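Beneath this line is the structure, given in C-alpha cells, with notes to follow.
The values are calculated or read from the model by the stated rules, or taken from the named source; none is laboratory data. Note that the structure is predicted; figures quoted are calculated from it, not measured.
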Amino acid sequence: MMARDTQSKILTIDEQIKKLKEKRTREIAKLERYTGKKFLSKFNLEEKSSEEINVFIDRLYEFTKENLKEDSAGDPPNEQSNK
C-alpha cells in the first residue's frame with residue numbers, strides 16, 4: 001500500500017514537472033514573439049526580408065560589441081566609496 005502511494009506521488013510530481021516545462025516553453029515562445037515584434041517595429045524592419053533582418057542584426061551586434069569594448073576599456077573599475 002505504501003509503495004503504491006509513493007509511486008502515485010512520484011507520478012503526480014512527474015506530471016507537474018512536465019506541465020511546468022510545457023508552460024515554460026510557451027512563455028519563452030510568447031516572449032520571443034513579443035520582443036521580436038518590438039525589435040522589428042523599433043528599427044522599421046517589418047517590410048524587410050529575413051536575410052536583410054539577419055544582416056542588420058549581425059551589424060548591430062558587431063557595432064554593440066565594439067562599443068562595449070571601448071566603453072569598458074576607458075572606464076575605471078566600478079568601485080564604491082565607503083565615505
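When K38, K48 are screened for being within 17 Å of the chain's Cα centre (by Cα) and at pLDDT 90 or above, only K38 passes. Among the criteria (1) among the charged types (D, E, K, R); (2) within 22 Å of the chain's Cα centre (by Cα); (3) at pLDDT 95 or above, the one E15 does not fulfil is (2).
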